[in-house]
Amino acid sequence: MNDSQPVVSITARRVWLLGFWFTLALVTWLALTPSPPRPVTYFSDIVLHAAAFTVLMFLCCQAHFRTTLLPPALAMLAYGLGIEVVQGLMGARFAEVKDFLVDLVGIGAGAVMRKVLGDLADRVMHTLLSLLRLEN
């Protein structure tokens, strides 16, 4: 860790971990459920894939990979490919190359978001946890 990165407390790390794993579980369920909830179907599939993978990549970086982007990018790439393979094996859902390509765009956007906003997000997290008296 370099001197310009804020030190992340154990409590903040736990919040980032919880946020990542909850989001991953939710996205997985939405991707694999035969009938997604109605409000989700109002949005374009492209928008949903891009948003999901942007958020997942950002949270994966914040929770697990503080100084590098390649491992989380590869993990999200494998996850996106896995989702498409499983959807291809399901009767109610279909695998689409377009979805995977949009996932890649989301992964890139999430990496940029981490680089640009990651340290700010850590400072905001510290402030919120301090206000809630969960850390000093």
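Some observations on this one:
- In region 83-136, the residues that are of a type in the set (Asp, Glu) and either more than 19 Å from Trp29 (Cα to Cα) or not in a helix (DSSP H, G or I) (or both): Glu96, Asp119, Asp122, Glu135
- Cβ pairs under 8 Å, 6+ apart, first in region 3-14 and assigned to a loop (DSSP other than H, G, I, E, B), second surrounded by fewer than 16 Cβ atoms within 10 Å (Cβ to Cβ) and modelled with pLDDT of 75 or more: Ser4/Asp119; Gln5/Arg66; Gln5/Thr67; Gln5/Asp119; Pro6/Asp119; Pro6/Arg123; Val8/Arg66; Ser9/Glu135
- Of all residues in region 52-79 being among the small types (Gly, Ala, Ser) and touching a residue at least 12 places away in the same chain (Cβ under 8 Å), the one that is surrounded by the fewest Cβ atoms within 10 Å (Cβ to Cβ): Ala75
- Close Cβ contacts (under 7 Å, 6 or more residues apart or on different chains) running from residues in region 25-39 that are under 19 Å from Leu81 (Cβ atoms) to residues that are loosely packed, with under 14 Cβ neighbours inside 10 Å comprise Leu30/Val40.
Residue-wise test of (1) modelled with pLDDT under 90; (2) among the basic types (Lys, Arg).
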site	(1), (2)
Leu77	no, no
Gly80	no, no
Arg93	yes, yes
Glu96	yes, no
Leu104	no, no
Asp122	no, no
Leu128	no, no
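- Scope region 42-62; condition at pLDDT 95 or above and either closer than 21 Å to Trp29 by Cα or not in a helix (DSSP H, G or I) (or both); matching residues: Ala50, Ala51, Ala52, Phe53, Thr54, Val55, Leu56, Met57, Phe58, Leu59, Cys60
- Condition met for Thr68 (within 30 Å of Arg13 (Cβ to Cβ), out of contact with any Leu (no Cβ under 8 Å at 6 or more places or on another chain), in a loop (DSSP other than H, G, I, E, B) and of a type in the set (Val, Ile, Thr)): yes
The values are calculated or read from the model by the stated rules, or taken from the named source; none is laboratory data. All values reported here derive from a predicted model rather than from experimental measurement. Please note: Cβ atoms are built from the backbone with ideal geometry, for glycine as well, and neighbour counts cover all protein chains shown.
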